[in-house]
Amino acid sequence: MDEWQIGRASYLILLGSVLVFWFFVQNRQNLGRTLQQAVAWGLIFLGVIAAIGLWGDIRQTVRPSLGTVTAEGRIEVPRAPDGHYYLTLGINGKPVEFLVDTGATDMVLTLKDAERAGLKTDDLAFHGRAMTANGPVRTAPVILDTISVGPISDHDVRAWVNGGDMAQSLLGMAYLQRWSNIQISGGALVLTR
């Protein structure tokens, strides 16, 4: 910690001590009840901090699995609580989560997912442009060596890397058209080869 952080921490500790002292002086008549309330608020505070810290694990538990191989050539993708379908594909051997987007023309990777898949994003030529709901973005074409889901693999698949801010990689129609049948049934997106 540097001098500024030590000073800030000291100030906050002093301020907190003064507030606690004032609180107990004001409520000295009902000290037992005051302590009960203080403990209850302390536990609520700790619970909120724990929930924030564990949110990633909680979210993975609440969200259904990201795709199930049910039979040879058939993948079932359950609808997530937010109403969308998410599918994890192996891109060049690395897992990448996609939002299934039938309104998107192509498969589009975020910069982070492109790096995870082993693409050198510094070497990409962002000369393409795409229109999104947030306006135009720059894109770079790439060829993905391998895309796999369950036992099904595709090779040398064209995709795009988004040069702008994008929260989730998109699985568009260029990839979905590789499947012979796409249907939504019983709250799941079913892809069949």
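The listed residues are 137, 149, and the only one of them that is within 20 Å of the chain's Cα centre (by Cα), modelled with pLDDT under 90 and within 24 Å of residue 84 (Cβ to Cβ) turns out to be 149.
Among strands (runs of 3 or more DSSP E) entirely within region 92-193, having at least 1 residues that are in contact with an Asp or Glu (Cβ under 7 Å, 6 or more places away or on another chain) and open to solvent by 50 Å² or more (accessible area, probe 1.4 Å) singles out 135-149, 152-162.
So, residue 83, is that one over 20 Å from residue 181 (Cβ atoms) and either out of contact with any strand residue (DSSP E or B) (no Cβ under 6 Å at 6 or more places or on another chain) or surrounded by 14 or more Cβ atoms within 10 Å (Cβ to Cβ) (or both) or not? The answer is yes for residue 83. Would you mind stating whether residue 132 is out of contact with any strand residue (DSSP E or B) (no Cβ under 6 Å at 6 or more places or on another chain) and β-branched (Val, Ile, Thr)? Considered against the rule, which asks whether it is out of contact with any strand residue (DSSP E or B) (no Cβ under 6 Å at 6 or more places or on another chain) and β-branched (Val, Ile, Thr), residue 132 comes out as yes. When region 20-32 is examined, which residues are found to be in a helix (DSSP H, G or I) and either surrounded by fewer than 10 Cβ atoms within 10 Å (Cβ to Cβ) or not aliphatic (A, V, I, L, M) (or both)? The answer is 21, 22, 23, 24, 25, 26, 28, 29, 30, 32.
Return the residues of region 106-118 that are out of contact with any strand residue (DSSP E or B) (no Cβ under 6 Å at 6 or more places or on another chain) and in contact (Cβ under 8 Å) with a residue 24 or more places away in the chain; say none if nothing qualifies. If the condition is that a residue be out of contact with any strand residue (DSSP E or B) (no Cβ under 6 Å at 6 or more places or on another chain) and in contact (Cβ under 8 Å) with a residue 24 or more places away in the chain, then 111, 118 are the ones that fit. Checked against (1) under 18 Å from residue 85 (Cβ atoms); (2) within 21 Å of the chain's Cα centre (by Cα), residue 182 meets all criteria but (2).
The values are calculated or read from the model by the stated rules, or taken from the named source; none is laboratory data. No experiment lies behind these values; they were computed from the predicted model shown. Positions of Cβ are backbone-derived with ideal geometry, glycine not excepted, and every protein chain shown enters the neighbour counts. Accessible surface is based on the protein model in full, side chains and every heavy atom, while ligands, DNA and RNA are left aside. Shrake-Rupley method; radii C 1.70, N 1.55, O 1.52, S 1.80 Å.
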